[in-house]
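A.B. asks: My structure is below; once you've seen it, I'll send some questions.
The values are calculated or read from the model by the stated rules, or taken from the named source; none is laboratory data. Since this is a predicted model, take the numbers as computed values, not measurements. For neighbour counting, all protein chains shown are included, and Cβ atoms are generated from backbone atoms with ideal geometry for every residue, glycine included. When the accessible area is computed, the model is the full protein with side chains, heavy atoms only, and any ligands, DNA or RNA have been set aside. Shrake-Rupley method; radii C 1.70, N 1.55, O 1.52, S 1.80 Å.
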Amino acid sequence: MSAPAPAPTRVLAQARFEAAGLLRHGEQLLISVVLPLMALVGLTLVPYPDLSVGAFEGVKRIDVVAPGVVALAVMSTAFTGQAILMGFERRWGVLRLLGTTPLGRGGLLTAKALSVLVVLAIQLVVLGGTAVALGWRPSLVGLAPALLAVLLGTAAFAALAACLGGSLRAEAVLALANLVWVLLAAAGGVLIPAGALPGALATVVSLLPSAALGDLLRTALVHGALAWAPLLILLVWAVVATLLARRLLRWSD
C-alpha cells in the first residue's frame with residue numbers, strides 16, 4: 001500500500017475540489033456575489049440609513065458602504081454558503097467518505113477556508129470594481145490591515161460554518177444559516193456600523209464577529225489604520241469556533 005500524500009498536498013487538493021464545487025452552484029453565487037452587489041449599489045444610491053457615525057462622521061457614503069459589503073461577502077461565502085454545503089455533504093455521505101481518508105478534521109477545515117479565499121478573490125474583483133466605478137477610493141495604506149481582516153474573518157466564519165453544518169441536519173442548517181445571514185446583514189454591524197445602533201444594542205452588536213469584521217475593514221480602508229479591539233474580538237471568535245468545530249464536526253448524520 002502506498003503512503004498517503006503529504007498533508008499540504010492533501011489539503012490543497014481538497015481546497016481545489018471545494019472551490020470548484022462552490023463556483024458550480026448558482027444558488028451559492030447568488031448569496032456570495034449578487035446579494036452583496038445589490039447591497040453595494042442600493043446603499044450607495046439611497047441616503048438612508050445614516051452611516052456617518054463615530055469615526056466615520058463626514059466620510060463619503062460609498063467609502064463606508066464598500067468595506068461593509070466586503071465584510072458581507074466574507075460572511076456570505078465563508079459562513080452561509082459553507083454551512084449549507086457542509087450540511088448537505090453530510091446528508092449525501094460526502095463527509096463520511098472524507099472521514100476514511102488521511103485528511104482529518106483539521107485538514108478539511110483548512111481546505112474549506114482556502115476554497116473560500118479563492119471564491120472571495122473573485123468576489124472582491126467584482127465588488128471592488130463596481131465600488132470604484134461608484135466613486136470608492138480606499139486608503140492604499142489600509143490594504144494590508146484589510147487583507148488581515150479578510151483572512152481572519154474567513155477563518156472565524158468558516159469555523160462557525162463547520163460548527164453549524166457539521167453538527168445539525170441539513171434542513172436545520174439551511175434554515176438557520178439563512179436566518180443568521182439575514183439578521184447579521186440587517187443588524188449585525190456588517191453594513192451598518194455598530195455605532196449607528198441605539199444604546200446598549202450597539203455594545204452587544206460590537207462583540208459579534210460580523211461587527212468586528214465590518215469595523216476592521218472600515219477602519220482600514222477609510223483611515224488606513226488597524227482597529228485593535230475588533231481585531232482581538234475576531235481573533236477570539238476564530239480560535240473558539242475552530243476548537244468547537246473540531247469537536248462538533250460529525251462525518252455523517
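A.B. asks: Could you identify which residue out of Thr130, Thr203, Thr219 has the top mean-square fluctuation in a GNM of the chain using Cα springs shorter than 10 Å?
C.D. replies: Among Thr130, Thr203, Thr219, the largest GNM mean-square fluctuation belongs to Thr203.
A.B. asks: On the protein heavy atoms, probe 1.4 angstrom, tell me the percent of accessible surface of segment 153-244 carried by carbon and sulfur.
C.D. replies: Values: 3020 of 3680 Å².
Its accessible area is 82 percent carbon and sulfur atoms.
A.B. asks: Hey, what does the equivalent ellipsoid look like for segment 65-211, semi-axes from the Cα gyration tensor as sqrt of 5 times each eigenvalue, largest first, whole Å?
C.D. replies: Details: eigenvalues 165, 73, 33 Å².
After diagonalising the Cα gyration tensor, the semi-axes are 29, 19, 13 Å.
A.B. asks: A follow-up question, please. Efficiency by 1/(1 + (r/R0)^6): what FRET value for Val182 and Val141, r their Cβ-Cβ distance, R0 = 35 Å, to the nearest 0.05? Kindly include the intermediate steps, with their values, before the conclusion.
C.D. replies: Working: r = 34 Å, r/R0 = 0.97.
About 0.55, to the nearest 0.05.
A.B. asks: Okay, which of segment 176-203 sit inside 20 Å, backbone N to the point 7 Å along the Cα-Cβ direction of Met38?
C.D. replies: Answer for this model: 176-192.
A.B. asks: Which residue, Ala175, Ala144, Ala156, has the most motion in a Gaussian network model of the chain that connects Cα atoms within less than 10 Å?
C.D. replies: Per the Cα network of the chain with a 10 Å cutoff, Ala175 tops the list.
A.B. asks: Can you tell me the Rg and the Dmax, both Å, for the Cα atoms in the chain?
C.D. replies: Radius of gyration, then largest Cα-Cα span, for the chain: 18.1, 66 Å.
A.B. asks: Here's something else I'd like to know. Would you look at the GNM of the chain, springs on alpha carbons closer than 10 Å, and say which of Leu120, Leu97, Leu134 moves the most?
C.D. replies: Evaluated over the chain, the most mobile residue of the options is Leu97.
A.B. asks: Per residue, how large is the accessible surface of the chain? Use a 1.4 angstrom probe and give square angstrom.
C.D. replies: Numbers: 11380 Å² over 253 residues.
So the chain comes to 45 Å² accessible per residue, rounded to a whole number.
A.B. asks: What distance in nm lies between label points placed 7 Å from Cα along the C-beta direction at Leu151 and Ala200?
C.D. replies: 3.9 nm
A.B. asks: Can you find, among Ala13, Ala55, Phe88, the residue sitting farthest towards the positive end of the charge dipole of the chain, where Lys and Arg contribute +1 and Asp and Glu -1 at Cβ?
C.D. replies: The Cα lying farthest towards the positive end belongs to Ala13.
A.B. asks: If you don't mind, another one. Carbon-plus-sulfur fraction of the accessible area of segment 44-144, 1.4 Å probe, in percent?
C.D. replies: Details: 2890 of 4150 Å².
With neighbouring chains kept in place, the figure for segment 44-144 is 70 percent.
A.B. asks: Each residue of segment 40-56 in order: what ³J(HN,Hα) in whole Hz does its phi give by Karplus 6.51 cos²θ - 1.76 cosθ + 1.60, θ = phi - 60°, with x for Gly and Pro?
C.D. replies: Taking θ as phi minus 60°, the curve returns 4, 5, x, 5, 6, 7, 9, x, 9, x, 6, 9, 8, 10, x, 5, 9 Hz for segment 40-56.
A.B. asks: Out of residues 5 or more away from Leu168 or on other chains, whose amide H comes under 5 Å of its own, with H placed 1.01 Å from N in the peptide plane?
C.D. replies: Close amide H contacts, sequence-distant or interchain: none at all.
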